[in-house]
Amino acid sequence: MLSLCLSACNQPPPTKATKDYAARYPSVAGGTMIGAMTAEPSGLIYMVAGESASAAIASNIFNALLKYNATLDLEGDLAESWTISDDQKTITFKLKPNLTWADGHPLTSADVLFTWKLVIDEKTRSPYASDYQLVKKAETPDAFTFKVSYDQAYAPALDSWSGLQILPAHLLKGQDIHTTAFARKPVGSNYYQLDVWKNGENIQLSRNTKSVLGPAQIDKLITRIIPDNSAQFLELMADNIDTMGLDPIKYSRIIPSRPELQKNLNLYKELGNSYTYMGFNLKHKPFDDIRVRKAINYAIDKQEIIDGVYLGLGINIASPYKPGTRWSNAALSPYPYDAQKAKALLKEAGFIDTNSDGILERDGKPFAFEIITNQNKEREKSAVLIQRRLKDIGIDVKIRAIEWASFISRFIKTGDFDVVVLGWGLGLDPDQYSIWHSSQQAPGQFNFIGYNNPTIDKLLEQGRTELDPDKRMNIYHEFAKVLLEDCPIVYLSAGYGLTAMHKRIQGIVDPIPPAGVGYDSHKWYIPEPLRRNEISAQ
Amino acid sequence: MRIDVIKKALSNPLALAGFIIILTIFLLAMLAPVISPYDPDEINVKAILLGPSWIHWMGTDGLGRDVLSRMLHGGRISLLVGLVAVGISTAIGILLGALAGYYRGWVDTLIMRLVDIMLSIPSFFLILAVIAFLTPSIINIMIVIGLTSWMGVTRLVRAEFLSLAEREFVQASRTLGAKDMRLIFTHLLPNSLTPIIVSAVLGVASAVLMESGLSFLGLGVQAPQSSWGNILTDGKEYIQFAWWLSLYPGMAILITVLGYNLLGEGLRDALDPRSGSNR
């Protein structure tokens, strides 16, 4: 009843139905593409904002020295070429000729040097500073050359230079990076520039005619700020936005059941570079006992989580890397679901149900703990499935879902938790020093589970200084093996990234390259017959 | 309350309707373990988000749990929270209102200013703030709702005490040497019961709403325990598709709150001589 009314209210006007989205059109410039995001960026200087909303917009405006191509190899972005010295400690970047900022000012190596100084400045307090602090010396022999030297060879160095968005020195010099108006009125060098930012409503980008990489096809990118996911989906159904990320239920249940949506939307599915896990606070008893951690791992049915929560749109993993990439150790297999083995391990660790209440005890204390997670439906559901499986083997689990900001400040930063269900989104370099190295346990740092394993520490240190790709791969395969054996976390699933895109957006690389569906988006185009009326686009 | 008063109250058709609604919901909630077709926490990943059918009368939720069973068990939580929270707020309200109305003077000033301060804070936000510092659980929710909604009762009781204290039978009793406690418990309080009962019944309605609101925001009853509020949250995401997850808990909250309001209003009409005379 309700569903009928809602869909009827959102039927597009009949004129739109006559558009033929199946036809092939030649690439043409112009048009407006409308997207949506749930959170508004705090600013567009990514090194300060450090949030995904900021990155999503800023990456259209700024360039880095390097970028990843379709097959995830590094290529020049602002840099035309780069050379690595024989001792592997110095990298020399050559910039492309005649680079300019969107305001016409030339872009030179001085801007790069300025950006590096800014990111390592203590006053900037950038969460990404650590990579760049390892640079011992940076210099600019001429306007097109930027040279950095490290104390010792640093394997993730090149990757790090693909992550640093270069900012214009002539506009930012002498300004306080935290309060500068530039964060809301940026001038960049990439395909787009900021047009209008309506607070809480939308951010409009238009094509940068002076783009260092040549012109993009689509004229305007509008990103609407719609905090609620279901409201976003209503807007997608009403054809008021062109693209959004989907959850498994929308992807495999709702859209397929609606022919009018299927007719207008292309759906994309790609394995993301992220995974969901259950992490133990290793400083709390009894999680310091490897038998307990393993028992819990055996007791959790990961396939059930993938089927029930992700509707099959996930993969069971055994190493903290995207399956199928060179860093992922294919020889490892996940802990199978085996309740009997779990019970035996717990018995070995001294947990016995002495009072026949169904809950195990050790030293008179029942085995009970709390799983905390942020308010993310998939994670909450996973926690409920885990809770049930652990009850089967005699562990009493409580679940608590907490809003993100207080989740981080009150529980993660203070280490005041037993078990978390969370996810890691990973970069392309295999270095995971900041997540697993024992030195990274200060409040706010990423090793909040308190993992401390000298073997892992050594492997991580080796991996950072080894530049030979094959040797480096072996190091990370060994790292994943030790990690799996030691079981500081339980891998739950690597989920697929699911995207809906209106069929009016054409030129999307097919099949999806390793770099993802968003790759080469400057070549996307909207054929004139398929465009919205300009009024409805606003 | 005397039998004829109850009779009078229930002769009011609205009050009778409210009473029947509440009674039905109570019976359903009490019998939940017996009449639920399924275990409310029983997960079935092969039956996710099924629509209403003969097998699942109210469909299933995002983990394949039977919505009808969860609704019945959730009803227990909602009603329990409503009753206990109102019990707490009424007890506090009577105590403070009696103190203020009986002793007057600085005690009255102090308590009434406290009431003013509490009333000046929007109660839902106060509750949100308090819950954010505590662990959300049924017990905490009941206590917090109780501790933040006693002000109305305090004012009522104080006003009743102030007016009753001037009446002849109280004055007479006082002259005959009755002690404070005797005056309060045998004369003042029993004669103030009417407005207290009415306000308590209406209070249950707002406590049920409050609990649903908190659970909807994820600050109330925690998974896997069901309550109408958190079934509604689960449904929010799929409202265009799985309407049964929004409709049924929404209706349950609506009907319960309506029931309590009808009963409360009806009782007021029946028991209060000032408003009852014109019926």
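Here, each number is a calculation from the coordinates, and none is a lab measurement. Note that the structure is a prediction, hence the values are computed from the model and not measured. Don't worry about glycine lacking a Cβ; one is built from the backbone with ideal geometry, like all the others, and counts go over all protein chains shown.
Below are the figures for this structure:
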quantity	calculated
Cα convex hull of the range B:46-99, projected area averaged across orientations, nm²	4.5 nm²
Cross-link partners of A:Lys198 among aspartates and glutamates (Cα-Cα below 12 Å; sequence separation of 8 or more within a chain)	A:Glu40
Cα-Cα over 20 Å, subset of A:Lys250/B:Lys46; A:Lys96/A:Lys136; A:Lys302/A:Lys377	A:Lys96/A:Lys136
3J(HN,Hα) from dihedral phi, the range A:352-363, Karplus parametrisation 6.51/-1.76/1.60, rounded to Hz, x for glycine, proline	9, 7, 7, 10, 6, 9, x, 10, 6, 10, 9, 6
Computed Rg/Rh of the protein assembly as shown, alpha carbon atoms with Kirkwood Rh	1.04
Rule-of-thumb Rg ratio for the range A:445-538 [Cα; 2.2 N^0.38 Å; N residues]	1.80
Cα→Cβ-extended label distance, 7 Å offset, between B:Lys46 and A:Gln262, nm	2.5 nm
Residues whose placed amide H lies under 5 Å from that of A:Leu78, excluding near-sequence neighbours	A:Ala64, A:Leu65, A:Leu66
Spin-label model distance (nm) - A:Ala143 vs B:Ile117, 7 Å beyond Cα toward Cβ	6.8 nm
Residue order, fewest to most surrounding Cβ atoms within 10 angstrom, among A:Trp436, A:Trp524, A:Trp424	A:Trp424, A:Trp524, A:Trp436
Simple label model, 7 Å out from Cα along Cβ direction - B:Glu168 to A:Asp151, nm	9.8 nm
Net charge over other residues, Cβ less than 10 angstrom from the Cβ of B:Ala223 (K, R count +1; D, E count -1)	0
Computed P(r) (all Cα pairs; the range A:360-500; 5 Å bins; percent)	2, 8, 15, 18, 18, 16, 13, 7, 3, 1, 0
The range B:154-228: GluC sites (Glu not before Pro) in DSSP coil with no more than 16 other Cβ atoms inside 10 Å	B:Glu166
Positive-pole candidate from B:Met58, B:Ser78, B:Pro33, dipole of the range B:31-140, charges at beta carbon	B:Ser78
Computed [θ] at 222 nm, helices only, for the protein assembly as shown once each DSSP H run of length n ≥ 4 contributes -39500 (n - 2.57)	-12500 deg cm²/dmol
Computed FRET value (nearest 0.05) for A:Arg125 with A:Lys391, which takes r as the C-beta separation and R₀ as 51 Å	0.70
In sequence order, calculated HN-Hα J values of the range B:33-43 (Karplus, 6.51, -1.76, 1.60; Hz; x Gly/Pro)	x, 7, 8, 4, x, 9, 6, x, 9, 6, 8
Under the Karplus curve 6.51 cos²θ - 1.76 cosθ + 1.60, θ = phi - 60°, whole-Hz ³J(HN,Hα) for the range A:71-86, x wherever Gly or Pro sits	9, 6, 9, 6, 9, x, 10, 7, 7, 8, 7, 8, 10, 10, 5, 4
Proximal charge balance of A:Ala295 [Cβ under 13 Å; K/R count +1, D/E count -1]	+4
Reciprocal mean inverse distance between Cα atoms of the range B:1-98 - Kirkwood radius, Å	16.2 Å
Partner aspartates and glutamates for A:Lys19 [C-alpha distance under 12 Å; skip if fewer than 8 residues away on the same chain]	A:Glu528
Residue exposure sequence - A:Ser409, B:Ser192 - by fewest surrounding Cβ within 10 Å	A:Ser409, B:Ser192
Ratio of Rg to Rh over the range A:196-245 (Cα coordinates, Kirkwood Rh, two decimals)	1.07
Nearest-0.05 FRET efficiency for A:Ala70 and A:Asp470, computed from C-beta distance (R0 25 Å)	0.65
Environment charge of A:Val482, counting only residues whose C-beta is closer than 13 Å and scoring Lys/Arg +1, Asp/Glu -1	-2
Chain B - Rg and Dmax from Cα coordinates, angstrom	21.9, 77
